[in-house]
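S.K.: Quick one: the structure is below, and I'll ask about it shortly.
The values are calculated or read from the model by the stated rules, or taken from the named source; none is laboratory data. Just so it is clear, the model here is predicted, and its values are computed rather than measured. FYI the Cβ positions are ideal-geometry reconstructions off the backbone, even for glycines, and counts take in every protein chain you see.
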Amino acid sequence: MVTTLTTNPQISTLSDVFSTQNGAVYQCDAERCWYVDFAGKVAKFDYRCLLKLKKAVYNVDIEAKLLDSSKKPDIEIIFICACDHTYILTLLQIIALKEILEGTFVMLQLNNIIQDRLYRVAL
Amino acid sequence: MKDLIRIKSLISAEVEALLNQQVKKEATSSSIYLAMASWCNRNGYDFSSDYFFKQAEEERQHQLKFYKYILDMGGNAISPDVTGIKQEYNSFREVFEEALDQEISVTQSIKNIYARCLKEQDFVTNEFLNWFLKEQREEEYKARRALELFEVIGEEGTGRWQIDKHVGGIKYDSEA
Ligand SMILES: [Fe+2]
Ligand SMILES: [Fe+2]
């Protein structure tokens, strides 16, 4: 499920996952979802949709687009199947979003390692 | 911060991808055996044809085992594309040589997943894979035994007819 928010969510209940100058990803434990703040909007993603977003962005062949000398506009539509949500991004924005998602998944994996080691011992 | 991904799925994205690769590998094995069954049948090797039909069915079961495990653990099982299956063989012997090659490559690929799971300390998936390790023991044994028949019996005269008859009787019944 993806929802676009008109107002910012209550920042207090969110944890920072990863951010750059161009945008950020926050996690909401209570709603079990992530908020992606990018390209002027904050969109809510559940786990499956976040994975689909990652796949869609990673699948853009940035190198090929850079070498493309035709006069086509360098606009990419990131359409996520079964999530009523679309990004229309320039190549520079794609690169920026990719950076944010890469950082996000590294942080989520780090969190996984920490939690796995911490909560394995019966308390 | 909660580990939300872990709540959704027991297996990591990497292990999930490897298991999906294995789903495809088992599906490919099944199709290869089916092609072998057809070739043997067309060339008059009825026992071998039956043997490969059975193998094809087993590989299909292996595929489903991996497929259901991925889903049960909260992952996304992907139905594989299987293309480019070889339909013609140059000789009766070549069929068995390639059957053994295929089983060896399956064993190697399961070892690879096992190693990844050990690294991640995903003991749950390791335990699931144990069944397959044991199965590969049998699969490689049978494929090797079949090839040995070519050495022991020899292909001259009615040799191939004899070999075919014995392929039907290959069994692995180790209790160990
Ligand atoms: Fe198999
Ligand atoms: Fe097999």
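S.K.: Check whether at least one residue in the stretch B:78-88 is modelled with pLDDT of 95 or more, within 14 Å of chain A (Cβ to nearest Cβ) and either crowded, with 20+ Cβ neighbours inside 10 Å or not in a helix (DSSP H, G or I) (or both), and report yes or no.
M.R.: Yes - at least one qualifying residue is present in the stretch B:78-88.
S.K.: Among the residues of the stretch B:27-50, what is the count of those that are within 22 Å of B:LYS171 (Cβ to Cβ), within 15 Å of ligand 1 (Cβ to nearest atom) and among the hydroxyl-bearing types (Ser, Thr, Tyr)?
M.R.: Here the count works out to 3.
S.K.: Would you mention how many residues in the stretch A:65-103 are at pLDDT below 90 and not hydroxyl-bearing (Ser, Thr, Tyr)?
M.R.: Matching residues across the stretch A:65-103 total 19.
S.K.: Same structure, new question: Residue under question is B:ALA13, and the condition is that it be under 30 Å from B:PHE123 (Cβ atoms) and either more than 15 Å from ligand 1 (Cβ to nearest atom) or of a type in the set (Val, Ile, Thr) (or both); does it hold?
M.R.: yes
S.K.: Right, next: Please count how many residues of the stretch B:54-104 are within 16 Å of ligand 1 (Cβ to nearest atom), over 16 Å from B:GLU138 (Cβ atoms) and not hydrophobic (A, V, I, L, M, F, W, C).
M.R.: Going through the stretch B:54-104 one residue at a time, the tally reaches 8.
S.K.: So, in the stretch A:64-113, how many residues would count as being in a loop (DSSP other than H, G, I, E, B) and within 14 Å of chain B (Cβ to nearest Cβ)?
M.R.: Applying the first criterion (in a loop (DSSP other than H, G, I, E, B)) to the stretch A:64-113 yields A:68-74, A:80-85.
This time we only want the ones that are within 14 Å of chain B (Cβ to nearest Cβ), so: A:81-82.
Qualifying residue count for the region: 2.
S.K.: Can you tell me which of B:ARG160, B:ARG137 is basic (Lys, Arg) and surrounded by 16 or more Cβ atoms within 10 Å (Cβ to Cβ)?
M.R.: So the residue among B:ARG160, B:ARG137 that is basic (Lys, Arg) and surrounded by 16 or more Cβ atoms within 10 Å (Cβ to Cβ) is B:ARG160.
S.K.: Might you let me know whether the stretch B:14-37 holds any residue that is within 14 Å of chain A (Cβ to nearest Cβ) and modelled with pLDDT under 95?
M.R.: Checked the stretch B:14-37: at least one residue is within 14 Å of chain A (Cβ to nearest Cβ) and modelled with pLDDT under 95.
S.K.: What number of residues in the stretch B:140-165 are without any contact (Cβ under 8 Å) to a residue 40 or more places away in the chain and not hydrophobic (A, V, I, L, M, F, W, C)?
M.R.: Result for the stretch B:140-165: 11.
S.K.: Please indicate, with yes or no, whether at least one residue in the stretch B:15-36 is free of Cβ contacts under 8 Å to residues at least 40 places away in the same chain and closer than 30 Å to A:VAL25 by Cβ.
M.R.: Within the stretch B:15-36, one or more residues are free of Cβ contacts under 8 Å to residues at least 40 places away in the same chain and closer than 30 Å to A:VAL25 by Cβ.
S.K.: Any idea which of (1) away from ligand 1 (no atom under 16 Å from the Cβ); (2) aliphatic (A, V, I, L, M); (3) surrounded by 17 or more Cβ atoms within 10 Å (Cβ to Cβ) is the one B:ILE7 doesn't satisfy?
M.R.: Every condition holds for B:ILE7 apart from (3).
S.K.: Please count how many residues of the stretch A:1-38 are surrounded by 12 or more Cβ atoms within 10 Å (Cβ to Cβ) and at pLDDT below 90.
M.R.: Taking the stretch A:1-38 and keeping what is surrounded by 12 or more Cβ atoms within 10 Å (Cβ to Cβ), we get A:1-3, A:5, A:9, A:13-20, A:22-29, A:31-38.
Of the ones still in play, those that are also at pLDDT below 90 are A:1-3, A:5, A:9, A:13.
Within the stretch A:1-38, residues that are surrounded by 12 or more Cβ atoms within 10 Å (Cβ to Cβ) and at pLDDT below 90 number 6.
S.K.: Residues that are in a helix (DSSP H, G or I), over 26 Å from B:GLN162 (Cα atoms) and among the hydroxyl-bearing types (Ser, Thr, Tyr): does the stretch B:31-41 have at least one?
M.R.: Scanning the stretch B:31-41, I find at least one residue that is in a helix (DSSP H, G or I), over 26 Å from B:GLN162 (Cα atoms) and among the hydroxyl-bearing types (Ser, Thr, Tyr), so the answer is yes.
S.K.: Which of the numbered conditions does B:LEU71 fail, given that it passes all the others? Conditions: (1) within 12 Å of ligand 2 (Cβ to nearest atom); (2) surrounded by fewer than 19 Cβ atoms within 10 Å (Cβ to Cβ).
M.R.: Every listed condition holds for B:LEU71 apart from (1).
S.K.: Restricting to the stretch B:82-111, count the residues that are without any contact (Cβ under 8 Å) to a residue 40 or more places away in the chain and away from ligand 2 (no atom under 16 Å from the Cβ).
M.R.: The number of residues fulfilling the criteria is 5.
S.K.: Take the residues in the stretch B:45-59 that are touching a residue at least 24 places away in the same chain (Cβ under 8 Å) and among the small types (Gly, Ala, Ser), then tell me which one is farthest from the other protein chains (Cβ to nearest Cβ).
M.R.: Filtering first and then ranking leaves B:SER48.
S.K.: Further, regarding this structure: Go over the candidates B:GLN61, B:GLN55, B:GLN21 one by one and state the one that is crowded, with 22+ Cβ neighbours inside 10 Å, part of a helix (DSSP H, G or I) and not aromatic (Phe, Trp, Tyr).
M.R.: Every option except B:GLN55 fails the conditions.
S.K.: Further, regarding this structure: Just checking, which of B:ARG144, B:ARG160 is within 18 Å of the chain's Cα centre (by Cα), more than 14 Å from chain A (Cβ to nearest Cβ) and away from ligand 1 (no atom under 12 Å from the Cβ)?
M.R.: Working: B:ARG160 fails: within 18 Å of the chain's Cα centre (by Cα).
On inspection, the qualifying residue turns out to be B:ARG144.
S.K.: Checking B:GLY154 against (1) of a type in the set (Gly, Ala, Ser); (2) touching a helix residue (DSSP H, G or I) at 6+ places or on another chain (Cβ under 8 Å); (3) away from ligand 2 (no atom under 16 Å from the Cβ), which single condition isn't satisfied?
M.R.: Only one criterion is unmet by B:GLY154, namely (2).
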